[in-house]
Amino acid sequence: MNISVVIPLFNEEESLPELSEWIARVMQANNFSYEIIFVDDGSKDNSWGIIENLAVNNPNIKGIKFRRNYGKSGGLNTGFEATQGDVIITMDADLQDSPDEIPALYKMITEDGWDLVSGWKKKRYDPLTKTIPTKLFNWATRKMSGIELHDFNCGLKAYRKEVVKNIEISGEMHRYIPVIAKWAGFSRITEREVHHQERKYGVSKFGLERFVNGFLDLMTITFVSRFGKRPMHFFGTLGTLMFFVGFMASVYLGVMKLWHVYRHVGARLLTERPSFYIALACMIIGTMFFLAGFLGELIARTSPNRNNYLIEKKKNLPA
Ligand code: UDP
Ligand code: MG
């Protein structure tokens, strides 16, 4: 099969018939063999009923329904597991992404050898409250990840099969799929300008909290990718440094005190000196960082995938 289209959706009943017809039209015009996998993320409206009806008339349409709403990441992850195509296309269900982009994206994966092609909504049709924070979000993600994309969170993306079968998207990490893919060793990542439209039916499913959550997730993903397998290197360094600073300061304060007592100069009580408390706090926090590092190592060791490495090639060895 050439193409699997994965579409996560939550309460998008009005858009589904138009969207699936449009995709089918594009696929037929280009002679692609395909499947459309709708992942209904616990919709409360009639989305699932509509998917069932669409599937009756078009055997290429498949569906998965969650019992409750888990979020877009869960939908994508489950959809990815079910795909059978050589190239996987993801798109939003709300008709903001255009299926007409599919043939060009397919070609970039199959002929130009890219692992992942991300859509870039250069001209967006979204409210300003969304587009301005999004610029900041993309800038921060570029800096942290070193991947030069303008639009990380575009719903329209194309992947080589190996990519989706080897990455895991949990929590709300769908915003960082290119980062997760790079981290899994798929470095041929690029972007392509795509058309974007205003939402035709229904309402956006994400409010302003998306930016708070997005930035917290960026911190997590940066930390996990750098130190996830060796937390002690982070906490141990920080903890040792802090403890050392605190310890040297207390030694200094103690020696000065003894010196003053010895010389019979009016020595102040240590508890009257703010620097004493700062030194103490440094030592305590440093110790706690160190302990956090130890606990992190213990947790990392029990992780079932601590020794999962993606092997690209083997020679003269059993598969
Ligand atoms: N979506 C989902 N589960 C959710 C929220 C959203 O599957 O909990 C789907 C939604 O139906 C749509 C896509 O994710 O197909 C993008 O959502 P939306 O269009 O609301 O986001 P926006 O375009 O505002 O970024
Ligand atoms: Mg949308």
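The values are calculated or read from the model by the stated rules, or taken from the named source; none is laboratory data. In this text, all values refer to a predicted model and were calculated from it rather than measured experimentally. Cβ: placed from backbone, ideal geometry, glycine included. Neighbour counts: every protein chain shown. These area figures cover heavy atoms from the full protein model, side chains too; ligands, DNA and RNA do not enter into them. Shrake-Rupley method; radii C 1.70, N 1.55, O 1.52, S 1.80 Å.
The fraction of all Cα pairs in the range 269-319 landing in successive 10 Å bins from 0 to the largest distance is 19, 21, 19, 16, 12, 7, 4, 1, given as whole percents. Rg and Dmax of the range 1-121, both derived from C-alpha coordinates alone, stand at 13.6, 41 Å.
Per-residue ellipticity at 222 nm from helix content only, as computed over the chain with -39500 (n - 2.57) for each DSSP H run of at least four residues, stands at -16500 deg cm²/dmol. Calculated over the range 131-265, the projected area of the Cα convex hull averaged across directions stands at 13.4 nm².
Averaging the Cα positions of each part gives two centres, and for the range 2-26 and the range 180-238 these lie 25 Å apart. Looking at the range 177-237, the GluC sites (Glu not before Pro) that sit in a DSSP loop and have at most 11 other Cβ atoms within 10 Å of their own Cβ are 198.
Convex hull volume of the C-alpha atoms in the chain, normalised per residue: 196 Å³. In order along the range 276-292, the Karplus-derived 3J(HN,Hα) couplings, from 6.51 cos²θ - 1.76 cosθ + 1.60 at θ = phi - 60°, round to 4, 5, 5, 4, 4, 4, 4, 5, 5, 5, x, 4, 5, 4, 4, 4, 4 Hz, and Gly and Pro are given as x.
You can think of it this way: the chain between residue 68 and residue 260 has 62.1 nm of extra reach, that is 0.36 nm per residue less the Cα-Cα gap.
Counting every C-alpha pair in the range 17-61, the share spaced more than 16 angstrom apart comes to 37%. Near the amide H of residue 61, within less than 5 Å, lie the amide hydrogens of 36, all on another chain or at least 5 residues away, with H placed in the peptide plane.
Average projection, convex hull of the Cα set of the range 224-319: 9.5 square nanometres.
Its Cα centre serving as origin, the chain has a Cβ charge dipole (Lys and Arg +1, Asp and Glu -1) of approximately 1780 debye. Listed values for the range 29-37 are Karplus-derived 3J(HN,Hα) couplings in whole Hz (6.51 cos²θ - 1.76 cosθ + 1.60, θ = phi - 60°), namely 4, 9, 6, 8, 8, 8, 9, 10, 9, and x replaces Gly and Pro. Using alpha-carbon positions, what is the distance between the centroids of the range 265-319 and the range 35-91, in Å? Their Cα centres are 42 Å away from one another. Note on the range 119-255: with neighbouring protein chains present and a 1.4 Å probe, carbon and sulfur make up 64 percent of its accessible heavy-atom surface. Out of all Cα-Cα pairs in the range 146-218, roughly what percent, to the nearest whole number, are more than 14 Å apart? That tail contains 67 percent of the Cα-Cα pairs. Applying the criteria of a DSSP loop state and at most 15 other Cβ atoms within 10 Å to the trypsin sites (Lys or Arg not before Pro) of the range 42-93 yields 44, 67, 68.
Loop-located trypsin sites (Lys or Arg not before Pro) in the range 250-298 (DSSP state other than H, G, I, E, B) with a sparse environment of at most 16 neighbouring Cβ atoms within 10 Å: 268. With both residues required to sit in the chain, DSSP beta bridges show an antiparallel share near 30%. Per residue, the accessible area of the chain comes to 57 Å² when a 1.4 Å probe rolls over the protein heavy atoms. Computed about its Cα centre, the charge dipole of the range 112-187 is approximately 280 debye, with only Lys, Arg, Asp and Glu carrying charge at their Cβ.
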